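One structure is given here, and the rest of the page talks about it.
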């Protein structure tokens with residue numbers, strides 16, 4: 001290692017250390033209300049236990065030979081990640097009201113580390129939620145892959161997807177600045193993102209204009225990768241796993257940069 005690379009490595013290590021410190025702070029909030037994870041698991045459980053069972057009996061969705069309930073599990077897992085992450089931004093509105101945001105902004109912590117740390121905190125919540133849904137899927141006799149590559153890939157997709165939507169949520173919170181407006185916008189966004197994806201039906205069933213929207217929706221790529229990695233006997237990812245990961249990673253990179261620029265606005 002030459003002398004010129006040492007400062008750069010030190011900067012990267014410092015950035016990561018501060019990022020994980022913010023993420024750890026976010027995860028610690030679960031200690032104050034651990035029941036939140038179980039109450040949030042109620043909605044995906046209803047989708048699997050009621051919607052999935054009913055549509056499976058109707059045989060109305062062509063899933064390429066895959067049982068519909070199996071097809072649905074990755075979509076509901078992605079839905080759960082979305083619903084947790086999209087409301088994660090409300091925490092910075094609370095922090096602003098408590099004066100915590102001003103302390104963050106006065107610290108030497110890079111804005112990007114603040115934004116990415118909060119995103120990773122939301123991702124940790126999503127991972128815990130994912131365990132609940134996978135256990136439920138096993139109880140429903142869904143064939144889940146257990147090899148190390150599949151488990152690692154699923155975990156990474158969950159982290160990337162949750163981080164993308166958490167960062168997007170933070171950006172919305174920085175713009176609207178009030179809890180009431182944020183909750184209203186969050187509720188408006190979740191359903192279009194969910195239904196304009198391949199979570200509960202293949203994109204081939206959509207009209208042409210909706211297929212275009214779906215291909216611009218990060219949730220579609222998360223579901224696509226989860227379906228290929230999570231299920232035994234699932235067809236290969238529609239656009240390829242490399243594309244799924246690249247789209248989510250690229251979206252996260254762009255959103256973190258944007259979030260770092262507008263994060264100080266929440267304090268004004």
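Any read-out appearing in this document is the output of simple, stated calculations on the displayed coordinates, not a laboratory observation. Since the structure is predicted, the reported quantities are computational estimates derived from the model, not experimental observations. Here the Cβ positions follow ideal geometry from the backbone for every residue, glycine too, while neighbour counts run over all protein chains shown.
Which of the peptides 203-212, 128-137 is most tightly packed, and how do the rest follow, judged by the mean count of other Cβ atoms within 10 Å per residue? Provide the component values of the computation, followed by the final result.
Details: 203-212: 12.3, 128-137: 18.3.
Descending packing order for the listed peptides: 128-137, 203-212.
Restricting things to Cα coordinates, could you compute the convex hull volume per residue of the chain in Å³?
Spread over its residues, the Cα hull of the chain gives 148 Å³ apiece.
Let's test the formula: R0 of 30 Å, r as the Cβ-Cβ distance of residue 204 and residue 127. What FRET efficiency results, to the nearest 0.05?
With R0 = 30 Å, the Cβ-Cβ based efficiency is 0.50.
Where does helix 218-230 land angle-wise versus the long Cα axis of the chain, in degrees 0 to 90, nearest 10?
Roughly 60 degrees between the two axes.
Can you classify region 153-217 as rounded, prolate or oblate using the Cα gyration tensor, where a ≥ b ≥ c are the square roots of its eigenvalues, rounded means a/c under 1.5, and otherwise it's prolate if a/b beats b/c and oblate if not?
Judged from the Cα gyration tensor, region 153-217 comes out oblate (a/c at least 1.5, b/c at or above a/b).
Rank-order 69-76, 42-49 by packing density, defined as the average count of other C-beta atoms within 10 Å over each peptide's residues, highest first.
Per-residue Cβ counts within 10 Å, averaged per peptide and sorted highest first, yield 69-76, 42-49.
Which whole-angstrom value gives the distance between the alpha carbon centres of region 133-176 and region 66-83?
10 Å
With an 8 Å cut-off on Cα pairs and a minimum separation of 6 or more residues, tell me the relative contact order of the chain in percent.
Once normalised by length, the contact order is 27 percent.
Can you give me the angle between helix 111-139 and the longest principal axis of the chain, using Cα atoms only, in degrees from 0 to 90, rounded to the nearest 10?
Helix 111-139 sits at roughly 30 degrees to that axis.
Using helices alone, I'd like the mean residue ellipticity at 222 nm for the chain: each DSSP H run of four-plus residues gives -39500 (n - 2.57), total over residue count, nearest 500.
Value at 222 nm, helices only, nearest 500: -23500 deg cm²/dmol.
How far is helix 148-176 tilted, in degrees, relative to the longest principal axis of the Cα atoms in the chain, given as a value from 0 to 90 rounded to the nearest 10?
Computed tilt is about 60 degrees.
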